[in-house]
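Read-outs throughout are calculated quantities, based only on the coordinates presented, and are distinct from any laboratory measurement. The structure displayed is predicted, hence computed values, not measured ones. Here the Cβ is made from the backbone with ideal geometry for all residues, glycine too, and neighbour counts use every protein chain on show.
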Amino acid sequence: MSAPKKPKESLTIYDVAKRAGVSIASVSRVLNGLGTPRADTRDRVMQAVRELSFVPDGAARALSNGLKEVVGVVFRRESGETYLEGEDESFLFIDVINRGIETGAQRHGFDLLISSVGFNDDNVAQRIGALAGKSDGLILHDRMLSAVGIARLADMVPVVTLAGSPTPASINVRCDNESGIRMLVRHLANDHGYRSLGYVSGRSDSPDNKTRQRAFESEAAAAGADIETGPAWQGNYSAAGGANVIESLLDAGKKLPRAVLCANDQTALGVIHALGQRGIRVPQDVAITGFDDVPVARHLHPPLTTVRQPMHELGATAFEVLYRRISLGGGQRDIVLPVQLVVRESCGCTGGAVKDGG
C-alpha cells in the first residue's frame, strides 16, 4: 500500500530540496531570486516545485533571511619582522588561497569577511567568535585555536581549517605534505646522490610542518643519508627565520649539509640570501629546495626547486566543503589534495620539470 500523499499545506522547501536533489539553501535562492544559482539547479528546483504542486510561503523567505550568505576567513598576520624589503608583499600564498575561496563564494552568491590575527594577539578566540556571529561559517587558515576552541566555535557555525588537523567538530582541507617531502628527498638523495641533508623547519606548532619534518626524517633515513634537524634548525616559515638559522649555524662554525630542504619557499629565500652573503654558492656548494611554489619561486636566482601546492584549488575546495556543511551538514573530515615536484636549478638540475606525486 503506497504512502499517503502529503497535503500541499504540509509541504516545505525540505521536500522540494529532496525531490530536486539540491540543498535547501539552493531551493531558497531559486524561490526568492537571490544569488546566481546555476541554470540546471534552477531547472531542477522548478521541476520539483511543479511535481509537488508546492506553493512557496513565508517559510522559504524566512530561511533565506536566516542565512547571511557570508563566510568568515581568518589568517595569521606576521609579526612585522622582515628580512628583505617588501618580503610580505612578494609572497602571495595567503592571497592565492583567498582568491580560491572567493571564487567558490561567488559561485554560490556568498560574500567574504576576511580578518587577520597576530601570533601574540590577546583574545583571539573572542575575536574569531565575534566574526562567527556575523557569518554562516568560518575558514581558518592556520592553527590558531586548540581542538577545544574549535569545538566551541563549531557550536556556533560550521568550521573548515587549512594547514591544520581534522577534529570531530571541524573539517580540514590540506595538501599532501608527506608525499611532497618524500619526492624532494628521493630526488636529492637518489637522483643527485647527496648524502647529507638538512631541514629548516616551519613553526613548531604547525601540523603541516610536523608532517613534513617526520616525512623528511623517515625518507632521508631510508635513503641512508645523514640528517641535520633539531632546535638549531628551527625556522618560522619566514625569510628572516630561514636566514637566522643559516647565520647562526655558520657563526657557530657548523659545516652545512650538501642539501637543505626548507619548510616553505619563503624560508628558502632567506636561506639563499644568507648563503649568498657568506659567499656560499647555490647549488654548487649547497643545494636548496622549498615547498609551495609561490609565484616568485621561478624568478629567484637560481630558480627554486620546490613542491607545488594547488593553492587556488585549496581555497576553492575549502569553500565548497564549508558550503556543503552549511547547507546539508556532515561531510568528509580530512580532504587531501595532490602535490607536484617542480624541479628547477637550485637543487643542481638544469632546466625544469614537473613530476606528479603518488
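What to note about this one:
- The distance from the alpha carbon centre of the range 222-275 to that of the range 297-358 is 23 Å, rounded to a whole number.
- If R0 equals 35 Å, the separation of the Cβ atoms of A151 and D43 corresponds to a calculated FRET efficiency of about 0.30.
- Full-stretch length increase - S248, Q106 - with 0.36 nm per residue and alpha-carbon distance subtracted: 46.4 nm
- Distance in nm between pseudo-label sites at R77 and D191 (7 Å out along the Cβ direction from Cα): 4.1
- Cα gyration tensor, the chain - rounded (a/c under 1.5), prolate or oblate: prolate
- Förster-model FRET efficiency, 51 Å R0, E51 and T350, C-beta, rounded to 0.05: 0.20
- Secondary structure note: in the chain, about 20% of the DSSP beta bridges are antiparallel.
- The range 213-311: trypsin sites (Lys or Arg not before Pro) in DSSP coil with no more than 14 other Cβ atoms inside 10 Å: K254, K255, R278, R281
- Note on D95 and S115: the extension gain reaches 5.9 nm, defined as 0.36 nm multiplied by sequence separation minus the Cα-Cα distance.
- Counting lysine pairs in the chain that sit 8 or more residues apart in sequence, or on different chains, and whose Cα atoms lie under 23 Å apart gives 5.
- All Cα pairs of the range 136-271, percent lying beyond 20 Å: 51
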